[in-house]
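Scroll down for the structure; my scribbles are underneath it.
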Amino acid sequence: MVAMLPLSKSIPLSRQESVMRIRGITKSFGQAPNSVEVLHGIDLDIRRGELCLLMGPSGSGKTTLLTIMGLLLRPCGGEIQLCGRDVTSCSEASLPPIRRQNVAFIFQAFNLLSALTAAENVQVGLELQGVRGRRAASLSLELLDRVGLADRADHLPAEMSGGEKQRVGVARALGSPAPLILADEPTGNLDGATSETIIRLLRRLAKEDDRAVVVVTHDGRLLPYADHVIKMEDGRIKESGKTHHD
């Protein structure tokens, strides 16, 4: 059984505990006077070993926030620290290697290469990390085994179910050294049983690999697996609370 502890505006965490520390983040789209502000002074700490759910209605700003956390979109104001380093004003040229080493993504649409097998899709990710040849091929099979897909290693995405494709995405994240894993609606197209399989894998990723895992979701069925729940509304964090597992 999982119960929510009392929710508050923010959870104070020490800098040493935080993989990502966000302070005062704002984001607007468009040009004044017609610009639209979608994030209003977001403060947030994301820690290793925790599965964090980022929830809220469509248009609440959660996907924009996740994209900023992934260093794919620059905020208009505020500060972002990643693993103790201020990355707010890093040059565009310096961001790709920072992302590659520190952030891994899991997508609702899977983002697998259709012409490659499950093992080859995982291997591509490993090669981007500098793992080559037989070592990459062997490790890709080990990672697929961790997510229960050893018997599907030679199958193309078109031959796999949605849940299997998402598990390939989780295996790819496992192969990254990144301490921060960002998942955008990873169960959005999946049935209940398959969604449970995926969220259990993500929780294991946080606990066994000591990663920080952030999941954007509308799916209330995932709440029992979360350590930290953040609820957004109109570009602001309305509630933020820890959970405890009995």
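Restricting to segment 123-136, what's the tally of residues that are under 23 Å from LEU66 (Cβ atoms) and touching a Ser or Thr at 6+ places or on another chain (Cβ under 8 Å)?
Residues meeting the conditions: 2.
Taking strands (runs of 3 or more DSSP E) that fall entirely within segment 182-246, which contain at least 2 residues that are closer than 24 Å to LEU72 by Cα and over 15 Å from the mean Cα position of the chain (by Cα)?
On the way: elements: 212-216, 228-233, 236-245.
The qualifying strands (runs of 3 or more DSSP E) are 228-233, 236-245.
Suppose the filter is at pLDDT 90 or above, basic (Lys, Arg) and over 17 Å from the mean Cα position of the chain (by Cα); does ARG134 pass it?
Working: at pLDDT 90 or above: yes; basic (Lys, Arg): yes; over 17 Å from the mean Cα position of the chain (by Cα): yes.
Judged against the criteria, ARG134 is a match.
Can you pull out every residue in segment 217-229 that is within 11 Å of THR187 (Cα to Cα) and either among the basic types (Lys, Arg) or modelled with pLDDT of 95 or more (or both)?
ARG221
This table checks each residue for (1) in contact with a Ser or Thr (Cβ under 9 Å, 6 or more places away or on another chain); (2) among the β-branched types (Val, Ile, Thr).
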{"residue": "ALA158", "(1), (2)": "yes, no"}
{"residue": "ALA178", "(1), (2)": "no, no"}
{"residue": "ILE198", "(1), (2)": "yes, yes"}
{"residue": "ASP209", "(1), (2)": "no, no"}
{"residue": "ASP227", "(1), (2)": "yes, no"}
{"residue": "LYS231", "(1), (2)": "yes, no"}
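Which of the residues belonging to segment 163-200 are under 16 Å from LEU223 (Cα atoms) and surrounded by 23 or more Cβ atoms within 10 Å (Cβ to Cβ)?
Hits for segment 163-200 are ALA183, PRO186, THR187, ILE198, ILE199.
Any residue in segment 198-221 that's of a type in the set (Asp, Glu): show its pairings with residues that are crowded, with 23+ Cβ neighbours inside 10 Å and in a loop (DSSP other than H, G, I, E, B) at Cβ separation under 8 Å, as long as the two are six or more apart or on different chains.
ASP219/THR187
Quick one: which residue in ALA153, ALA118, ALA137 is among the aliphatic types (A, V, I, L, M), surrounded by 14 or more Cβ atoms within 10 Å (Cβ to Cβ), touching a Pro at 6+ places or on another chain (Cβ under 9 Å) and touching a residue at least 12 places away in the same chain (Cβ under 8 Å)? Spell out the reasoning first.
Values: ALA153 fails: touching a Pro at 6+ places or on another chain (Cβ under 9 Å); ALA137 fails: touching a Pro at 6+ places or on another chain (Cβ under 9 Å).
None of the other options fit; the residue is ALA118.
With the checklist (1) of a type in the set (Asp, Glu); (2) surrounded by 16 or more Cβ atoms within 10 Å (Cβ to Cβ); (3) within 23 Å of ARG21 (Cα to Cα); (4) at pLDDT 90 or above in hand, flag the one item GLU239 doesn't pass.
Condition not satisfied by GLU239: (4).
It is to be established whether one or more residues within segment 60-67 are of a type in the set (A, V, I, L, M) and free of Cβ contacts under 8 Å to residues at least 40 places away in the same chain. Before the answer, list the steps.
Taking segment 60-67 and keeping what is of a type in the set (A, V, I, L, M), we get 65-66.
When the remaining residues are screened for being free of Cβ contacts under 8 Å to residues at least 40 places away in the same chain, the result is none.
Within segment 60-67, not a single residue is of a type in the set (A, V, I, L, M) and free of Cβ contacts under 8 Å to residues at least 40 places away in the same chain.
Take segment 42-60 and flag every residue that is over 23 Å from TYR225 (Cβ atoms) and at pLDDT below 95. Spell out how you get there, then give the answer.
If we filter segment 42-60 for residues that are over 23 Å from TYR225 (Cβ atoms), which is where we start, we get 42-43, 59.
Result: GLY59, single match.
Among the strands (runs of 3 or more DSSP E) lying completely within segment 27-144, list those that include at least 3 residues that are under 15 Å from LEU174 (Cβ atoms). First the steps, then the outcome.
On the way: elements: 36-47, 51-55, 77-82, 103-107.
Answer list for segment 27-144: 103-107.
Tally up the residues in segment 78-100 that are at pLDDT below 90, surrounded by 12 or more Cβ atoms within 10 Å (Cβ to Cβ) and out of contact with any helix residue (DSSP H, G or I) (no Cβ under 9 Å at 6 or more places or on another chain), please.
0
The values are calculated or read from the model by the stated rules, or taken from the named source; none is laboratory data. Computed from a prediction, not measured in an experiment: that's the story for all the values here. Neighbour counts are summed over all protein chains in view; Cβ atoms, including those assigned to glycine, are modelled from backbone coordinates with ideal geometry.
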